[in-house]
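Undergrad: Sharing a structure, written as structure tokens. Questions coming.
The values are calculated or read from the model by the stated rules, or taken from the named source; none is laboratory data. Since we're looking at a predicted model, the values are computed, not measured. Virtual Cβ from ideal backbone geometry, glycine too; neighbours counted across all protein chains shown.
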Amino acid sequence: MHWLVLGLVSTAACHGGPPPAGWIDLFNGSTLGGFVPTSFGGEGEVAVRDGAIELGIGSPLTGVTWTGALPTGAYELEVTAARVVGGDFFCGLTFPVGGDHLTLVLGGWGGTVCGLSSLDGLDAAHNATRTLRRFETGRLYRIVVTVAADTIAVQVDGEPFLTADLRGHSLSLRPEVELSRPLGFASFATAAAVRSVRWRGR
């Protein structure tokens, strides 16, 4: 698998300027550090090359899970990632919400379905957070998830993308991404690259 496409992607998604105070980087650009490959079964290669975590095409999932300290309370989680090869989700970002977890899916179910899995037992394709968007292959996207006591807000490239009011809803994960808890990143039958992962309290 060649990853040269990442050298050609536009970095406009990662707006310049110094990072805001308080950000904690989870990926140093050279080693997995506190991340470990997720043993989904059928996973593709996981490697660090050219400053990115590369997730090879899995059958169907490939991913990494964070083993270090976790955010608590209200926080922001930022990931910069790209779909490299394939036509399904390049971003399955599982994250803690209080004592529960959710997964942000970008580009699933054939490439365009996005949303949060799962609310009241319904995954991203079947609950009110379902949103459609096309993602360009080889382009880096900056994804920010803001977790508060009762709400989740997601931005893509600095623009509002989706929000969810969690009050009155049960939160859960699809069984296939349970191994991504408490914090992990996965792709589905798709090669992906993760350029940065960081979080900060709010």
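Undergrad: Quick check on the range 35-66: of everything there that is of a type in the set (S, T, N, Q) and within 16 Å of the chain's Cα centre (by Cα), which residue is nearest to residue 182 (Cα to Cα)?
TA: Going through the range 35-66, the residues of a type in the set (S, T, N, Q) turn out to be 38-39, 59, 62, 65.
Within this subset, residues satisfying the condition of being within 16 Å of the chain's Cα centre (by Cα) are 38, 62, 65.
Values: 38: 12, 62: 16, 65: 8 Å.
Going through the qualifying residues, I end up with 65.
Undergrad: May I ask you to verify whether residue 46 is buried (at least 18 other Cβ atoms within 10 Å of the Cβ), modelled with pLDDT of 95 or more and touching a helix residue (DSSP H, G or I) at 6+ places or on another chain (Cβ under 9 Å)?
TA: Numbers: buried (at least 18 other Cβ atoms within 10 Å of the Cβ): yes; modelled with pLDDT of 95 or more: yes; touching a helix residue (DSSP H, G or I) at 6+ places or on another chain (Cβ under 9 Å): no.
Criteria not met by residue 46.
Undergrad: Which one of 36, 84 is surrounded by 13 or more Cβ atoms within 10 Å (Cβ to Cβ) and either at positive phi or in contact with a helix residue (DSSP H, G or I) (Cβ under 7 Å, 6 or more places away or on another chain) (or both)?
TA: Values: 36 fails: either at positive phi or in contact with a helix residue (DSSP H, G or I) (Cβ under 7 Å, 6 or more places away or on another chain) (or both).
Step by step, each of 36, 84 is checked, and only 84 is surrounded by 13 or more Cβ atoms within 10 Å (Cβ to Cβ) and either at positive phi or in contact with a helix residue (DSSP H, G or I) (Cβ under 7 Å, 6 or more places away or on another chain) (or both).
Undergrad: Quick check on the range 122-142. Is at least one of its residues at pLDDT 95 or above, among the hydroxyl-bearing types (Ser, Thr, Tyr) and closer than 15 Å to residue 101 by Cα? Reasoning before the result, please.
TA: In the first step, residues of the range 122-142 are kept if they are at pLDDT 95 or above; the result is 122-142.
Still in the list and also among the hydroxyl-bearing types (Ser, Thr, Tyr): 129, 131, 137, 141.
Those still in the list that are closer than 15 Å to residue 101 by Cα too: none.
Within the range 122-142, not a single residue is at pLDDT 95 or above, among the hydroxyl-bearing types (Ser, Thr, Tyr) and closer than 15 Å to residue 101 by Cα.
Undergrad: Go through the range 36-56 and give me each residue that's touching a residue at least 60 places away in the same chain (Cβ under 8 Å) and part of a strand (DSSP E or B).
TA: Initially, the range 36-56 is screened for residues touching a residue at least 60 places away in the same chain (Cβ under 8 Å), giving 38-40, 44, 51-56.
Those that are touching a residue at least 60 places away in the same chain (Cβ under 8 Å) and part of a strand (DSSP E or B): 52, 53, 54, 55.
Undergrad: While we're on this one: Just one of the numbered conditions (1) more than 16 Å from residue 190 (Cβ to Cβ); (2) assigned to a loop (DSSP other than H, G, I, E, B); (3) in contact (Cβ under 8 Å) with a residue 40 or more places away in the chain is not true of residue 127; which one?
TA: The number of the failed condition is (3).
Undergrad: Please state which of the following conditions residue 59 fails to meet, knowing it meets all the rest: (1) closer than 20 Å to residue 111 by Cβ; (2) part of a loop (DSSP other than H, G, I, E, B); (3) modelled with pLDDT under 95; (4) of a type outside the set (D, E, K, R).
TA: Unmet for residue 59, out of (1) closer than 20 Å to residue 111 by Cβ; (2) part of a loop (DSSP other than H, G, I, E, B); (3) modelled with pLDDT under 95; (4) of a type outside the set (D, E, K, R): (3).
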